[in-house]
Amino acid sequence: PGHTIANPFVDVKEGDFFLGPVRWAVEEGVTTGMGENSDHFAPLLDCNRAQVVTFLWRAMGKPGHTIANPFVDVKEGDFYYDAVLWASENGITTGIDPTHFNPTGICNRAQVVTLLWRAVGEPDSKAEVTFPDVPAGEFYYDAVAWAVENGITTGLDNGTFGSLDACNRAQIVTFLYRALA
């Protein structure tokens, strides 16, 4: 998709794989900048659970929710409140236990792709996963297969998916862009 805004960030350069996805994310209201002047995107900053679920919720159009809040660590007024309740209600994510969401916990790449896959309805895939760090039977196997089949990821330069690697802002925005734009 084309972009109508100029790159607003000093730390996103021409040629970065995430330039298009970042511009899309800003245009769509998925994310904004960081820092005193909001002129930094912080592409290498690891994303926590609250940020990932909020980015996903915004990219999906900020759908509503009807459940009561089951999490003691998610309060009304938190920027991620509606996102977490929507994701919980729709089976996209659960807490780390029945009453804790752990909003500051860092998300890895396997978790992020799984959240995205669940958000789009857990579509089937015929792709064979060849990444050595995505063994059959893992909770994220089908999500990674779908992501590969649909061009959402090609893995990392070292031939792995990076399943347990923290997912940074550049990666999450790129996954969202490739899946939803």
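Counting only heavy atoms of the protein chains, get the accessible area per residue of segment 54-100 (1.4 Å probe) and round it to a whole Å² value. Please list the in-between numbers first.
Working: 2460 Å² over 47 residues.
Using a 1.4 Å probe on heavy atoms only, each residue of segment 54-100 averages 52 Å².
For segment 101-179, a simple Cβ point-charge model (Lys and Arg +1, Asp and Glu -1, everything else neutral) yields a dipole of about 300 debye relative to the Cα centre.
Please work out how much length the chain gains when fully extended from A181 to N37, using 0.36 nm per residue of separation minus the C-alpha to C-alpha distance, in nm with one decimal.
Values: separation 144, 0.36 × 144 = 51.84 nm, distance 2.71 nm.
Value of the extension gain: 49.1 nm.
Set the Förster distance to 25 Å, then compute FRET efficiency between T66 and E28 from the Cβ-Cβ distance, nearest 0.05.
0.50
With Rg and the Kirkwood Rh both taken from Cα atoms, where does Rg over Rh land for the chain? My calculation puts Rg/Rh at 0.96.
Segment 124-174 and segment 72-102 have Cα centres spaced 24 Å apart. With a Förster radius of 30 Å, plug the Cβ-Cβ distance of V10 and N102 into 1/(1 + (r/R0)^6) and report the FRET value to the nearest 0.05. The computed FRET efficiency comes out at 0.40.
Using r as the Cβ-Cβ distance of K126 and D46, and R0 as 35 Å, what FRET efficiency do you calculate, to the nearest 0.05? Efficiency at R0 = 35 Å is approximately 0.65. Think of each Lys and Arg Cβ as +1 and each Asp and Glu Cβ as -1; about the Cα centre, that makes the dipole of the chain roughly 240 debye. In the chain, helices alone account for a calculated mean residue ellipticity at 222 nm of -10000 deg cm²/dmol, with every DSSP H run of four or more residues adding -39,500 (n - 2.57).
What you get for segment 20-91, charging only the Cβ of Lys and Arg (+1) and of Asp and Glu (-1), is a dipole of about 160 debye around the Cα centre.
The values are calculated or read from the model by the stated rules, or taken from the named source; none is laboratory data. Please read these numbers as outputs of a predicted model, since none were measured by experiment. Heads up, the Cβs are rebuilt from the backbone with ideal geometry, glycines too, and the neighbour counts pull from every protein chain shown. Protein only, heavy atoms only, side chains kept; ligands, DNA and RNA dropped before computing areas. Shrake-Rupley method; radii C 1.70, N 1.55, O 1.52, S 1.80 Å.
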